[in-house]
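Asker: Below you'll find the structure I mean.
The values are calculated or read from the model by the stated rules, or taken from the named source; none is laboratory data. What you see is a predicted model; the values in this text were computed from it and never measured. Cβ coordinates were reconstructed from backbone atoms using ideal geometry, including for glycine residues, and neighbour counts include every protein chain displayed. Please note that ligands, DNA and RNA were not included when accessible areas were found on the heavy atoms of the full protein model with its side chains. Shrake-Rupley method; radii C 1.70, N 1.55, O 1.52, S 1.80 Å.
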Amino acid sequence: MIKLWLANVAPEAGDDDIRKLVNTYVPELKCTDVQREEGDGSRPAAFVAVPGATRDALDKASARLNGMFWKGRKLSCTTTTF
């Protein structure tokens, strides 16, 4: 499965906020699951599952979200395969 990797997420952003972000800026994708990653808390990150999405669609989503300022932070976004 291919997922979006979002890093430098604002600590106060909840899973619903992340889903809404993806669904707002990439409406053709419907993210269903957000998995938070442990870390030191300085740059919170999450894997975002988008069932049925193609690699091309996720690469386009990543390009759109990468570098976006959201909730006072510059997001880092890429795709990853599990």
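Asker: Among all residue pairs at least 6 apart or on different chains, which show Cβ distances below 7 Å where the first residue, located in the range 1-13, is farther than 11 Å from residue 46 by Cβ and the second is modelled with pLDDT under 90 and in a strand (DSSP E or B)?
Answerer: As it stands, the answer is 2/81, since those pairs meet every condition given.
Asker: For the range 24-49, name all the residues that are closer than 12 Å to residue 1 by Cβ and at pLDDT below 90.
Answerer: Scanning the range 24-49 gives a single hit, 32.
Asker: Regarding the range 19-37, can at least one residue be identified that is within 18 Å of residue 82 (Cα to Cα), without any contact (Cβ under 8 Å) to a residue 12 or more places away in the chain and not basic (Lys, Arg)?
Answerer: So far as the range 19-37 goes, yes, one or more of its residues are within 18 Å of residue 82 (Cα to Cα), without any contact (Cβ under 8 Å) to a residue 12 or more places away in the chain and not basic (Lys, Arg).
Asker: Within the range 9-20, identify whether any single residue is open to solvent by 40 Å² or more (accessible area, probe 1.4 Å), in a strand (DSSP E or B) and either out of contact with any Phe, Trp or Tyr (no Cβ under 6 Å at 6 or more places or on another chain) or not basic (Lys, Arg) (or both), and answer yes or no.
Answerer: No - not one qualifying residue is present in the range 9-20.
Asker: If I filter the range 56-70 down to residues being under 16 Å from residue 23 (Cβ atoms) and open to solvent by 50 Å² or more (accessible area, probe 1.4 Å), which single residue comes out as modelled with the lowest pLDDT?
Answerer: Looking at the filtered set, the residue picked out is 60.
Asker: Which condition does residue 53 not pass, out of (1) assigned to a helix (DSSP H, G or I); (2) surrounded by 12 or more Cβ atoms within 10 Å (Cβ to Cβ), if it passes all the others?
Answerer: Among (1) assigned to a helix (DSSP H, G or I); (2) surrounded by 12 or more Cβ atoms within 10 Å (Cβ to Cβ), the lone unmet condition for residue 53 is (1).
Asker: Okay, moving on. Could you list, ordered by first residue, the pairs with Cβ atoms under 6 Å in which the first is in the range 42-53 and farther than 17 Å from residue 76 by Cα and β-branched (Val, Ile, Thr) and the second is at pLDDT below 95 and assigned to a loop (DSSP other than H, G, I, E, B), at least 6 apart or interchain?
Answerer: 50/29; 50/31
Asker: A further question follows. For residue 24, are the conditions met, namely being open to solvent by 30 Å² or more (accessible area, probe 1.4 Å) and not in a strand (DSSP E or B)?
Answerer: When the stated conditions are applied, residue 24 passes them.
Asker: If you take the residues in the range 29-50 that are touching a strand residue (DSSP E or B) at 6+ places or on another chain (Cβ under 6 Å) and in a loop (DSSP other than H, G, I, E, B), which one is surrounded by the most Cβ atoms within 10 Å (Cβ to Cβ)? Let's see the steps before the verdict.
Answerer: Here is the first cut: in the range 29-50, the residues touching a strand residue (DSSP E or B) at 6+ places or on another chain (Cβ under 6 Å) are 31-37, 43, 45-49.
With in a loop (DSSP other than H, G, I, E, B) added as a condition, the list becomes 31-32, 43.
Values: 31: 21, 32: 11, 43: 13.
The residue in question is 31.
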